[in-house]
Structures are given as C-alpha cells and as structure tokens.
C-alpha cells in the first residue's frame, strides 16, 4: 500500500492538476483528459506500474457532466501495489472521447473495444476500434443508463437467416423482474433473488404503467 | 397330428430366408438406433453433454455415441447452452447444413427459453430459429435427463412415416 501512496504523492507533485479520488480500497486519482497519457506513462515508467489490469467506464446518467468517466486499474508486478486512475470523457453524449492507451499497454486493446461496445466511448488512436461482444452493426450501447435491461427490438445479425426464420432481436420478457437478492439476510429463503414487485407479470400488466 | 411349435425366433430354413415387414418399421429401426448427435455446446450444459458420453452414463447404450462435429454427418443437433443473438445465425446455418432426416434436442433452460438470461443479448429459446423435437428442463439437466430426452426422441422417430417421405416426390 505504501508504494501506492508514494506513487500518488509523486504523481501529484509532478502533475498539479491531478486530484485525489474517493476510494474504499486502493489509492485513486482523478486526471484531466488532456494529461491522461503523460500521467499513465509516468506511472508506468517512473513508478513501475507495468500491468494494466482493467479499463472500464462509468455512465453517470443523462444530464450529468461529465456523463462518462473512464477508469484505469494499474498494478505493479515489482512492488505489488495497485492504483486507480479516472478521467472524464470529452465530447458530447453521443460520442464521448478519451485518448487510447494501447500505445502504452497493448493489452488495453480488447478492454477499450469492450468499453466502446458497451458505452460507445471512442478511444482516439485505437488501432482497431470495433465491437467485441455484440455484433458489428448492432445499433445500441447496452450498458448506457438509458438502455433497458430487456433490450430494444432490432434485427438479427444475419439478414438471410432473419428472413428465413422471421426471428428478431426482441425485448426479453421480464416476468416481474429484474430480480434482486437482499444482502445480509441470514435466512437463506428470504435472501433468495425475487422480483422487486411481484404484483405484475407477463399476464397482468404493471400497475400504473 | 398337431405338434406344438417350439420355434420362437426367426428360422431361415422355415421362412425361406425372407422377412416380411413394413418399410416404416425397418427404416425407423435403423434410424432410431444410430442417432449421430451434433454437439452444439454453447455453455455449461455442454459439460453435462460430455458426461453423457462417458462410461458412467454411456450414451452408447442407445446408439448415439458418435458425436459428429461436422453437421453433414449428424442426425440430431443437441443445442446445449445459451444461444446469444450473435450466435443464433450460426446455429441456424449449421442446422441448415445437416442432411435430412434431422432432429433437434434443446438441452436445458437457456436453449429452451432463454432461461435466466432475460437480456438484450440472449435468444429467448432456440425454437425461434430452428424446429425443436424434445425440450429438456434443468439448469443444467442431469445426464440422465438427456438420456431420457434421447429415448423420447427415439420413440418419436419410431412413430414417423418415413417410407412415404422417402418414396414420394418431396416438395
């Protein structure tokens, strides 16, 4: 942990615009988008955070500013310290943008593709920014807040199969879901995942809907 | 003088080495006892599907041990696992490449109905893209449940009018 704190102290003295970020486990910092690459490069080369273990994103919901934050999880294989770096996306809600870190860590390639697929974040300088989980041509970014869990009706990836089977990508029937488990229940029967509101299902309409 | 017939089995000397039967019975007898499965293993159900092939459960007892990874050599597609929308056209194309007659077993909750995956990415039942003959409940089903499905499929094959389909011009 002390190696992480040392790294935070170092990076804050080198880059005055870097601020502390609330975190319940590892030290974390907020970095302005413009300085992201130089901060990460400094952490990698000067502080030996040689492993980028995850790149992910947060959608703070419509109307928030910034709406999207990209989070980098760094790990040092020599000092066994971890650190988290967050940066807000620039650009509008439709096309939020951050610089790609693939030049620093080639392993970021698929992480950034996933964040692009799920949130629609453009990573500038990424060598091959395509969808990785959903198929090419899928029109939505499913982990955005405005996207419903059940999905939105659209067409199958293969038009020939779609024509032959008349099948579509449909909004999944939720049957009273989404289902939630209550945390901290000692009685396992009460802790079973169940629908928040069981008064409605596919047969009876949701009250007030 | 009447003698009791002690011959219970087929005797070639008496019958003149000729068996009289129905074409349906002969064709279905052949088809029933050599169902070659196409293992469409897409998720954890595939592990149970592999267990069915092992000696403990031994699908070979029912003549269906020849797992064919080429759809052109398979009779029965066992869809074992979650079918995502991205995978759905692939499943359909593999099904299209199987030669008739062909059957489909939807193994487990996901293949039958989407299971617990009520989400934007999961096909809500493989019967939306291919015709299913037998559904198996379970998440995942026990290997015995898949054997039961195979026995039910064999019963269905035995009841088919195979000869009329073979000897009349098909549409």
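Values quoted throughout were computed directly from the atomic coordinates according to the rules given, and no laboratory measurement underlies them. What you see is a predicted model, and the numbers here were worked out from it, not measured in a lab. We place every Cβ from the backbone using ideal geometry, glycine too, and count neighbours over all the protein chains shown.
Bin all alpha-carbon pair distances of the range A:1-123 at 5 Å intervals from 0 and give each bin's fraction as a whole percent.
2, 12, 23, 25, 20, 12, 5, 1, 0
Considering the convex hull of the alpha carbon atoms of chain B, report its projected area averaged over all viewing directions, in nm², one decimal.
Result: 13.7 nm².
Cα centroids of the range A:44-87 and the range B:120-171: how far apart, whole angstrom?
First find each Cα centre; the distance between them is then 49 Å.
Compute the helix-to-body angle for B:88-97: its Cα long axis versus the longest principal axis of chain B, expressed 0 to 90° and rounded to tens.
Taking the Cα atoms of chain B, the angle to B:88-97 is about 20 degrees.
Starting with the fewest neighbours, write out B:161, B:31 ranked by other beta-carbon atoms found within 10 Å of each beta-carbon.
In increasing order of surrounding Cβ atoms, one gets B:161, B:31.
Based on the Cα atoms of the range A:51-152, what semi-axes does the equivalent ellipsoid have, where each is the square root of 5 times one gyration tensor eigenvalue, given in whole Å with the largest first?
The answer is 24, 16, 13 Å, longest axis first.
Kindly put B:120, A:116 in sequence by how many other C-beta atoms sit within 10 Å of each C-beta, fewest to most.
So the ranking, lowest neighbour count to highest, is A:116, B:120.
Note the angle between two axes, namely the Cα long axis of helix B:23-32 and the longest principal axis of the Cα atoms of chain B, as a number of degrees from 0 to 90, rounded to the nearest 10.
Roughly 50 degrees between the two axes.
What number, rounded to the nearest 500 deg cm²/dmol, is the helix-based mean residue ellipticity at 222 nm of the protein assembly as shown, given -39500 (n - 2.57) per DSSP H run of at least four residues and division by all its residues?
-8000 deg cm²/dmol
For the protein assembly as shown, treating each Cα as an identical point scatterer without solvent, what Debye log10 I(q)/I(0) comes out at q = 0.07, 0.09, 0.10 1/Å?
-0.51, -0.76, -0.87
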